[in-house]
Amino acid sequence: MLEIAGYENGPLVDGSRFLDLPLFWPCHLGSSLWGEEAQTVAFGPDWDDAQELYKTLSSLDEWPTFTVHLHSGYALHVLYRNVEGDHGVDYLLSHPDWAEAATLATDDGHFMGPGLSWPELEASADQTSTSGVANPNARLLLLFPMLGDAGTPEAAAPRLASALTELTIVEDPTEVARVLLENQGQWTPANWREADGTWICDGSRSFRNPENHFALPAPQLAGIARALRQ
């Protein structure tokens, strides 16, 4: 059984068995696939099979969890929080010295985010690791729902399309990449800037906007910025 500080009572299980299922990825990216047209492009004729897979991912008995280890010693976790009446996906950052993991974003009916800028997403995806999720493209797509960046570069679309080409069976990965970058989760894409060595954003629902009353403490915000860009 996996353990993450703050989730000791959850039935966490290693979700790596889902990574090789092409339908897992459009399911996981669903909050950025708004509307019937986007879902048709992403799922095609496999909608019913995707619904069955989502039921498995949402099981109350097992909470699929994925870990992305970073060179900084921190780890990002993607955790399917399958609480009855409160399903969602939590995006967390942990460190061995922390008593509890920090929540960067939540993907559910009461969504909070964004949690990452594009440079942080790409840097986290491209780091090598011998444990947890190792494939850079899998890391990119796993963490993508945290993204909220109004300044994504032109190179983001082909990078995302390449990941979709490798890991999914969508007929038009270029179009799906465009839709994902256009939507970027449930929040409005945020503007990111550096302030006293800490990367922060202006997202009204982001834990990384110090103007929000629920923002993470300043020392933790600084640690997060360092962890994600090394």
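For LEU143, are the conditions met, namely being assigned to a helix (DSSP H, G or I), open to solvent by less than 10 Å² (accessible area, probe 1.4 Å), within 17 Å of HIS71 (Cα to Cα) and in contact with a Phe, Trp or Tyr (Cβ under 9 Å, 6 or more places away or on another chain)? Full working, then the answer.
Working: assigned to a helix (DSSP H, G or I): yes; open to solvent by less than 10 Å² (accessible area, probe 1.4 Å): yes; within 17 Å of HIS71 (Cα to Cα): yes; in contact with a Phe, Trp or Tyr (Cβ under 9 Å, 6 or more places away or on another chain): yes.
Spelling it out, LEU143 is indeed assigned to a helix (DSSP H, G or I), open to solvent by less than 10 Å² (accessible area, probe 1.4 Å), within 17 Å of HIS71 (Cα to Cα) and in contact with a Phe, Trp or Tyr (Cβ under 9 Å, 6 or more places away or on another chain).
So, in the range 82-107, how many residues would count as being over 19 Å from ARG226 (Cβ atoms) and at pLDDT 95 or above?
3
If only one of ARG81, ARG159 is of a type in the set (Lys, Arg), within 14 Å of the chain's Cα centre (by Cα) and open to solvent by less than 50 Å² (accessible area, probe 1.4 Å), which one is it? Show your work before the answer.
Details: ARG159 fails: within 14 Å of the chain's Cα centre (by Cα).
Result: ARG81 is the single residue among ARG81, ARG159 that is of a type in the set (Lys, Arg), within 14 Å of the chain's Cα centre (by Cα) and open to solvent by less than 50 Å² (accessible area, probe 1.4 Å).
Consider TRP199 against the criteria (1) open to solvent by 20 Å² or more (accessible area, probe 1.4 Å); (2) in a helix (DSSP H, G or I); (3) in contact with a Lys or Arg (Cβ under 8 Å, 6 or more places away or on another chain): it satisfies all of them except one. Which criterion is unmet?
Evaluating TRP199 over (1) open to solvent by 20 Å² or more (accessible area, probe 1.4 Å); (2) in a helix (DSSP H, G or I); (3) in contact with a Lys or Arg (Cβ under 8 Å, 6 or more places away or on another chain) leaves (2) as the failure.
Of the numbered conditions (1) part of a helix (DSSP H, G or I); (2) touching a residue at least 40 places away in the same chain (Cβ under 8 Å), GLY151 fails exactly one; give the number of that condition.
If we test GLY151 against (1) part of a helix (DSSP H, G or I); (2) touching a residue at least 40 places away in the same chain (Cβ under 8 Å), just (1) comes out false.
Can you spot a residue in the range 171-186 that is surrounded by 14 or more Cβ atoms within 10 Å (Cβ to Cβ), on the phi > 0 side of the Ramachandran plot and assigned to a loop (DSSP other than H, G, I, E, B)? Explain how you work it out, then say what you get.
Filtering the range 171-186 down to residues surrounded by 14 or more Cβ atoms within 10 Å (Cβ to Cβ) leaves 172-181, 183-186.
From what is left, the residues that are on the phi > 0 side of the Ramachandran plot are 184-185.
With the extra rule that they be assigned to a loop (DSSP other than H, G, I, E, B), the set shrinks to 184-185.
There is at least one residue in the range 171-186 that is surrounded by 14 or more Cβ atoms within 10 Å (Cβ to Cβ), on the phi > 0 side of the Ramachandran plot and assigned to a loop (DSSP other than H, G, I, E, B).
Tell me which residues, restricted to the range 206-230, are surrounded by 15 or more Cβ atoms within 10 Å (Cβ to Cβ) and in a loop (DSSP other than H, G, I, E, B).
SER206, PHE207, ARG208, ASN209, PRO210, ASN212, ALA215, LEU216
Of everything in the range 163-193, what is of a type in the set (S, T, N, Q) and touching a Leu at 6+ places or on another chain (Cβ under 9 Å)? Give them in sequence order.
So in the range 163-193, the residues of a type in the set (S, T, N, Q) come out as 165, 168, 174, 183-184, 186, 188, 191.
Within the range 163-193, THR168, THR174, ASN183, GLN184 qualify.
Somewhere in the range 126-138, is a residue within 12 Å of the chain's Cα centre (by Cα) and part of a helix (DSSP H, G or I)? Explain how you work it out, then say what you get.
We begin by selecting, within the range 126-138, every residue within 12 Å of the chain's Cα centre (by Cα); these are 138.
Narrowing the set further to residues that are part of a helix (DSSP H, G or I) leaves 138.
Yes, the range 126-138 contains at least one residue that is within 12 Å of the chain's Cα centre (by Cα) and part of a helix (DSSP H, G or I).
Quick check on the range 199-210. Is at least one of its residues β-branched (Val, Ile, Thr) and either at pLDDT below 95 or on the phi > 0 side of the Ramachandran plot (or both)? Quick ask: steps written out before the conclusion?
Going through the range 199-210, the residues β-branched (Val, Ile, Thr) turn out to be 200.
If we keep only those that are either at pLDDT below 95 or on the phi > 0 side of the Ramachandran plot (or both) as well, we get none.
No, because not a single residue in the range 199-210 is β-branched (Val, Ile, Thr) and either at pLDDT below 95 or on the phi > 0 side of the Ramachandran plot (or both).
For the range 6-47, how many residues are at pLDDT 75 or above and not aromatic (Phe, Trp, Tyr)? Outline the logic, then answer.
Our first condition is that a residue be at pLDDT 75 or above; within the range 6-47, this holds for 6-33.
Cutting the leftovers down to not aromatic (Phe, Trp, Tyr) gives us 6, 8-17, 19-23, 26-33.
Of the residues in that region, 24 qualify.
The values are calculated or read from the model by the stated rules, or taken from the named source; none is laboratory data. This is a predicted model, so every value here is computed, not measured. Note that each Cβ is placed from the backbone with ideal geometry, even for glycine, and that neighbours are counted across all protein chains shown. Side chains included, ligands, DNA and RNA excluded: accessible areas come from the protein's heavy atoms. Shrake-Rupley method; radii C 1.70, N 1.55, O 1.52, S 1.80 Å.
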